[in-house]
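Q: Provided herewith is a single structure, encoded as structure tokens, for subsequent inquiry.
The values are calculated or read from the model by the stated rules, or taken from the named source; none is laboratory data. Everything numeric in this text was worked out from a predicted model, so none of it was measured. So basically every Cβ, Gly included, is an ideal-geometry build from the backbone, and we count neighbours across all protein chains shown. Note: areas computed on protein heavy atoms with side chains; ligands, DNA, RNA excluded. Shrake-Rupley method; radii C 1.70, N 1.55, O 1.52, S 1.80 Å.
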Amino acid sequence: MLPYPAATSREDKWNFIHQVKEEVLERDGGSILAIGVYGSLGRETDGPYSDMEIRILTPDGIDLPGQEEIIPPFKLEIGAVQRSVWLKRASSVDDSWAVKAGSYADVVALHDPGRLFEKARRIVTSAPESAFREVMREFMVWEPYETMGKIRNAAYAGDGAYARRAAYDLSWQAAKLIGLANRRYFTTRASSFEEASAMPSRPDGFLELAAMVMDGDLRDVQEVHARCERLWTGLNEWFQAMGIEYQSETFRWKGESGS
């Protein structure tokens, strides 16, 4: 077995990060508003083989290069973003909000005299409920509806291989919708199914299909199709209960001349 990636302790990682912070401030301190740590190390859920992720915020109009490299035994990723760009991203809502929001909300400040990371933490969920509902409506059209059509095509054609893949896709799409509906983000993508399963508002059928996907036993294609159909029914009943209508009665062109 290759000796890398190598295991390191949390203490070793933090010691190295503080060295990086001091060097960055020494070289470019005049162009830096804040430095923080996010990801698993920031949440204290890191393992011995986890990498380190650092966020640098710069004044508007000042760009600093990002960096991603391996300095044995560490892997380091540094991303630099202008202040207004970063805060705008923190306040935006899209279909991946439940996956990305934690990278704005869960940042441990190493250098932040202007308390920008604290400000971002407050604004992550500040978008109005209408914004979350509209994203859910759009996403239902873009992904789950289309995925369900593909699942039914696979059932019609006897394509069991695609059905197994689609079961994961539909579960993942439903998990993202559950995060949006509850206005809660996942700590990591790897734990998204478990965390979505514990949220109070979720569609019928999600627990059953997600459990099958997490177990990895998708050999019974008929059962896979049945659980996908149950979740699809549950999604539509869930949307109806929330008053989110994603279908249109007539076609209306939304181009410039039709607006």
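Q: Which of ILE62, ILE35, ILE54 moves most in a GNM of the chain, Cα contacts under 10 Å?
A: Comparing ILE62, ILE35, ILE54 in a Gaussian network model of the chain, the most mobile one is ILE62.
Q: Can you pull out the chymotrypsin sites (Phe, Trp or Tyr not before Pro) in the stretch 166-252 whose DSSP state is coil and whose Cβ has at most 12 other Cβ atoms within 10 Å?
A: Within the stretch 166-252, the qualifying chymotrypsin sites (Phe, Trp or Tyr not before Pro) (loop, at most 12 other Cβ atoms within 10 Å) are PHE251.
Q: If we count every other residue with Cβ under 14 angstrom of LEU207's Cβ, Lys/Arg +1 and Asp/Glu -1, where does the sum land?
A: Its environment carries a net charge of -2.
Q: Express the accessible area of the chain per residue in Å², computed with a 1.4 Å probe while the remaining protein chains stay in the model.
A: It amounts to 56 Å² per residue over the chain.
Q: Okay, next question. Straight-line reach from LYS254: which lysines fall under 17 Å, measuring Cα to Cα and dropping same-chain residues less than 8 apart?
A: none
Q: With Cβ to Cβ distances under 14 Å as the rule, what net charge do the other residues near GLU69 carry (K, R +1; D, E -1)?
A: -4
Q: At q = 0.17, 0.21 Å⁻¹, what base-10 log of I(q)/I(0) does the Debye formula yield for the stretch 1-149 when every alpha carbon is treated as an equal point scatterer in vacuo?
A: -0.98, -1.25
Q: May I ask you to list, by number, the DSSP H helices of the chain whose Cα span along the axis is at least 30 Å and whose average Kyte-Doolittle hydropathy reaches -1.0 or more?
A: Length and hydropathy pass: 160-182, 221-242.
Q: Using a 1.4 Å probe on the protein chains only, how many percent of the accessible area of the stretch 29-94 belongs to carbon and sulfur?
A: Accessible surface attributable to carbon and sulfur in the stretch 29-94 totals 50 percent.
Q: Please sort by residue number the trypsin sites (Lys or Arg not before Pro) in the stretch 95-201 whose DSSP state is loop and whose Cβ has at most 12 other Cβ atoms within 10 Å.
A: Answer in residue order: ARG115.
Q: Based on the Cα gyration tensor of the stretch 92-224, what are the three equivalent ellipsoid semi-axes, each the root of five times an eigenvalue, rounded to whole Å and given largest first?
A: 33, 16, 11
Q: Hey, another quick one. I need the fraction of alpha carbon pairs in the stretch 146-259 separated by more than 16 Å, rounded to a whole percent.
A: More than 16 Å apart: 61 percent of the Cα pairs in the stretch 146-259.
Q: Something else: Would you mind estimating how fast the stretch 14-91 diffuses translationally, via Stokes-Einstein at 10 °C and 1.306 mPa s with the Kirkwood radius over Cα pairs, in µm²/s?
A: 121 µm²/s
Q: Let me ask you something else. Determine the equivalent ellipsoid of the chain by diagonalising the alpha-carbon gyration tensor, then write out the semi-axes as square roots of 5 times the eigenvalues, largest first, rounded to whole Å.
A: Listed largest to smallest, the semi-axes of the chain are 39, 25, 15 Å.
Q: Out of the stretch 31-83, which GluC sites (Glu not before Pro) are coil in DSSP terms and have no more than 12 other C-beta atoms within 10 Å?
A: Hits after loop and neighbour filter: GLU44.
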